[in-house]
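Data block below; observations after.
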Amino acid sequence: MSVPNKVKLPIIRRVQLKNFSLYSRQKVISVELSNGVFCLVGANGLGKSTFIATLNFALTGIVPDPKHKFQSVEEYYFDNLKFSSEYFSGRINENDRDVAEVSIEMVVGDKIIAFTRGIFDIEQLREFTVYDIDGKTILNNTADLSPAERNDEFKKIMTECIGLNTFTQYVFLQHFVFTFDESRRLLFWDQKVLEQALYLAFGVNHEQAKKADALRRETEKADSLWRNYGWQATEIQKKIKEIESALTRSTNKDYSELVEYHKKLTLSKDNIEELVNSLEHQLKDTNLALTEVSAKQAVLRNKYSEEFLKYINQNTKLSDHPLVVSSINDCKCGLCGNAGESVVERIKQKINNECPLCGSLIQNNVIETNKIDELRKIDQDIIVLKNKADEIIKTQDRINKELQEARQELYKVEKELQEFENENKETLTKIKHSRENNLDEILEPYRIQLKELLKNRDEQYKRREKNKAELLKLQRQLEKQYVDAEEKFVPLFKTLAYSFIGLDLDIVMETKSRPGITLNLKVKNVSRRQQHTLSESQRFFIDIALRMALTQYITCDSGEACLFIDTPEGSLDIAYESRAGNMFARFIENNYRIIMTANINSSRLLISLGEQCGSDRMKICRMTSWTDLSDVQISEEKLFEQAYKAIEDALTIKEGTKND
């Protein structure tokens, strides 16, 4: 039996989120993780998937962009570096952008690694320290390094501790094998991803996996260029696209380079236009939001003025009225003109009990303290709206700055594209004018270019075939390694999968002549190569079983691994929820860990898992302490409480069995 490429994967012990606006009830959230299962439980829309994405962002520095397809391990990492900022922008308020961060403490092999990553910091770490396994001796203090240098050191040490060839290989494994998230990417039915996972798990070494990944990508590129050159040559031969074939620069750039350059400029222009449109929509939304807040402020200010005036009028004495004051001071009635001390005395007597003008009795004014409280409440609401308006204005300033930069970049690209097209338009015009003179002179550039295209096509064919030959050698080595590994790996998968589906499953490695390698899933000896041959829940949990088996195999059953699983129960019916819990429990029994999230709409999976793990190996964390429920969810909160209680009761069953 072959020895697998053993790796030592991170075991997270502590997570801390600071200033994470989405979790509005706590500025700082600290989570302690122990053996077994940690399950974050909550209703829809509270941020469970965001928690899993944040953990992966902390560990790998990226959040996958759903628009990007997997091409290679290296490209996956670098293509997704900038998406995290877009992902978290809708989850972190403007005022928290600079202070939002995630901190992790974890064990990797014989070291403890602690680090802090800013949510909007790309390829940077704010803190990074390495300790010995006892946590007493600092092995690597990076306080004097820059944030970018800390991140480079982090990637280097992580790669060494885990036992891989590159940090990007760990990123690949963490995202595609050790995480089952809301994107629902399935290993069994994604050949490129599965092939690289197989090389990392069963190949001779991780350097071989890196080489296979590069060769496969280079083979694809050479094949694409071979087809492209062939197509271009055919077009010239048929003279269907004479205009395109005439686009030859005086700098002797060949046609393919010209086309690729035009595509590059056009794609760049389209991407920037998309960014400009997005920023313009964001600016429009913030303008509407500011208008709404300003309107609310105006209403509250008017209300404050009205209530304040009522308060003042209510507590003004009749003796303070200007007419009364002047009459008393002048010893002369301001209405009839009579004067004298007796007039003043009669005025003073009347204003104590009745109005001197209409004779109405005067009620003693009582100061309403409630009115003062109401004024204070309105004033506080005005302050809240002002702070909100300030934040929106801050957001507007950022968006305006980004929009200005994007428009400037768009202008540059559009100008370059226009100049490029104008330059080659002149070339076309010259060729068109020369047609009347000599046919051979007109055709000669086409013949020269055709010869060059055919030469390039043949070179790419040789390059493709050479890469394919090398890749086939690696593939044959992988096949041999897999045959040796089947004795251990396949039973791991079959046991886990059977505990869920209750049917005999098998997996067989299949090779393709292109080359290519994959796993063929068989249910009762019938191949299930297409996704639609299984139900959604069967696909999801069989794929999770494959991830669990791969994890156990490459860690040699050491328990040095943790899977991230996001709301897996959504596609399950009641009959399969308990079986899914059984499968998870089997994984935990082998000393592995799971960090998962779950909805409360159906809790049978958690109940089954809780009954088997018990409170010592499964912890439930309610999201209600992190953020607020919606009005609809609050109205049905008793249903959530019933579900929580059922799960908590299940956790005590195993403990009770022990006591019996």
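The values are calculated or read from the model by the stated rules, or taken from the named source; none is laboratory data. Source: prediction; values computed, not measured. Neighbour counts are summed over all protein chains in view; Cβ atoms, including those assigned to glycine, are modelled from backbone coordinates with ideal geometry.
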Check: Just for region 127-182: of the residues that are β-branched (Val, Ile, Thr) and in a loop (DSSP other than H, G, I, E, B), which one is surrounded by the most Cβ atoms within 10 Å (Cβ to Cβ)?
Finding: 177
Next item on the list: Would you confirm whether any residue within region 596-606 is modelled with pLDDT under 90, in a helix (DSSP H, G or I), in the same structural domain as residue 645 (by TED's automatic domain parsing) and in contact with a strand residue (DSSP E or B) (Cβ under 6 Å, 6 or more places away or on another chain)?
Entry: yes
Next item on the list: Residues that are touching a helix residue (DSSP H, G or I) at 6+ places or on another chain (Cβ under 9 Å): find the strands (runs of 3 or more DSSP E) completely inside region 1-82 holding 3 or more of those.
Entry: 11-18, 37-41
Note to self: Within region 479-487, does at least one residue satisfy the condition of being assigned to a strand (DSSP E or B) and in contact (Cβ under 8 Å) with a residue 12 or more places away in the chain?
What the structure shows: no
Check: Could you give every pair whose Cβ atoms fall below 7 Å, whose first residue belongs to region 74-95 and is within 17 Å of residue 175 (Cβ to Cβ), and whose second residue is charged (D, E, K, R), counting only separations of at least 6 or pairs across chains?
Finding: 80/65; 81/123; 83/65
Check: Do any residues in region 221-237 that are more than 8 Å from residue 457 (Cβ to Cβ) have Cβ atoms under 8 Å from those of residues that are in a helix (DSSP H, G or I) and among the acidic types (Asp, Glu), where the two are at least six apart or on different chains, and which pairs are they?
Finding: 235/244
Check: Can you name the condition, by its number, that residue 501 falls short on among (1) more than 30 Å from residue 609 (Cβ to Cβ); (2) aliphatic (A, V, I, L, M); (3) within 34 Å of the chain's Cα centre (by Cα)?
Finding: (1)
Check: So residue 512 clears everything in (1) surrounded by fewer than 21 Cβ atoms within 10 Å (Cβ to Cβ); (2) over 16 Å from residue 194 (Cβ atoms); (3) at pLDDT below 90 except one condition, right? Which one?
Finding: (2)
Check: Which pairs do you get when a residue that is touching a residue at least 60 places away in the same chain (Cβ under 8 Å), found in region 525-551, comes within reach of a residue that is of a type in the set (A, V, I, L, M) and part of a helix (DSSP H, G or I), reach meaning Cβ atoms under 7 angstrom, with the pair 6+ apart or on two chains?
Finding: 542/497; 542/501; 549/492; 549/496; 550/197; 550/201
Margin query: Considering only residues that are touching a strand residue (DSSP E or B) at 6+ places or on another chain (Cβ under 9 Å), of a type in the set (Lys, Arg) and either surrounded by 16 or more Cβ atoms within 10 Å (Cβ to Cβ) or closer than 19 Å to residue 109 by Cβ (or both), which ones fall in region 529-568?
Written below: 547
Next item on the list: Would you mind telling me which numbered condition in (1) under 25 Å from residue 93 (Cβ atoms); (2) at pLDDT 90 or above; (3) touching a strand residue (DSSP E or B) at 6+ places or on another chain (Cβ under 9 Å) residue 33 fails?
Entry: (1)
Checklist line | Filter result for residue 166 (hydroxyl-bearing (Ser, Thr, Tyr) and farther than 21 Å from residue 195 by Cβ) | finding: no
Note to self: Give me the residue from region 53-67 that is touching a Ser or Thr at 6+ places or on another chain (Cβ under 8 Å) and farther than 17 Å from residue 151 by Cα and, out of that set, surrounded by the most Cβ atoms within 10 Å (Cβ to Cβ).
What the structure shows: 64
Checklist line | Hits in region 101-111 - residues which are assigned to a strand (DSSP E or B) and in contact (Cβ under 8 Å) with a residue 60 or more places away in the chain | finding: 101, 102, 103, 104, 105, 106, 107, 108
Check: Which residue pairs have Cβ atoms closer than 6 Å, lie 6 or more positions apart in sequence or on different chains, and pair a first residue in region 293-312 that is under 15 Å from residue 380 (Cα atoms) with a second residue that is of a type outside the set (A, V, I, L, M, F, W, C)?
Finding: 293/388; 300/381
Notebook entry, point to check: Which one is modelled with the highest pLDDT, of the residues in region 540-586 that are farther than 17 Å from residue 11 by Cβ, out of contact with any Pro (no Cβ under 8 Å at 6 or more places or on another chain) and among the aromatic types (Phe, Trp, Tyr)?
Noted result: 584
